[in-house]
Amino acid sequence: MHAIADICVVPITGRISVREEVKRAHQILVETGLPVNLHAYGTNIEGDLDTILAALKRIHEELHRSGVPRISTNLRLGSRIDKKQGIKDKLAAVKGGA
């Protein structure tokens, strides 16, 4: 099933900066080979739902293995079966008014 997700991984380390952990989480999403777009408060990714969810599991596993004691992930997930639509299509519809 095709899906579009907006993912925000928040490693809870006790430190102010979690830049390295967020970089690793983003890299795991990139390694899926799916279209990924980093933004200021998370990452958009689109493609096979099972691939997206497996990547989220891997993020949690790898960050915990690296010593992160807690992780809070916010996930917004959309899928539809009436037509094929990706992130670019959604943006074009809003920007173009269609």
Looking at segment 19-47, which of the residues that are over 12 Å from I59 (Cα atoms) and touching a residue at least 40 places away in the same chain (Cβ under 8 Å) is surrounded by the most Cβ atoms within 10 Å (Cβ to Cβ)?
-> I45
Would you please list the contacts, defined by Cβ atoms under 9 Å and residues six or more apart or on different chains, that run from a residue in segment 77-98 that is in contact (Cβ under 8 Å) with a residue 40 or more places away in the chain and among the small types (G, A, S) to a residue that is loosely packed, with under 11 Cβ neighbours inside 10 Å and assigned to a loop (DSSP other than H, G, I, E, B)?
-> S79/M1
Can you name the number of the only condition in (1) under 20 Å from M1 (Cβ atoms); (2) in contact with a Lys or Arg (Cβ under 9 Å, 6 or more places away or on another chain) that E62 fails?
-> (1)
Identify, please: which residue in segment 21-57 is charged (D, E, K, R) and in contact with a Ser or Thr (Cβ under 9 Å, 6 or more places away or on another chain) and is, among those, nearest to I87 (Cα to Cα)?
-> D48
Have a look at I59, I12 and point out the one that is open to solvent by less than 60 Å² (accessible area, probe 1.4 Å), out of contact with any Asp or Glu (no Cβ under 8 Å at 6 or more places or on another chain) and of a type in the set (A, V, I, L, M, F, W, C).
-> I59
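The values are calculated or read from the model by the stated rules, or taken from the named source; none is laboratory data. Just so we're clear, the structure is a prediction, and the values are computed from it rather than from any experiment. Note: ideal-geometry Cβ built from the backbone for every residue, glycine included; neighbour counts use all protein chains shown. Side chains included, ligands, DNA and RNA excluded: accessible areas come from the protein's heavy atoms. Shrake-Rupley method; radii C 1.70, N 1.55, O 1.52, S 1.80 Å.
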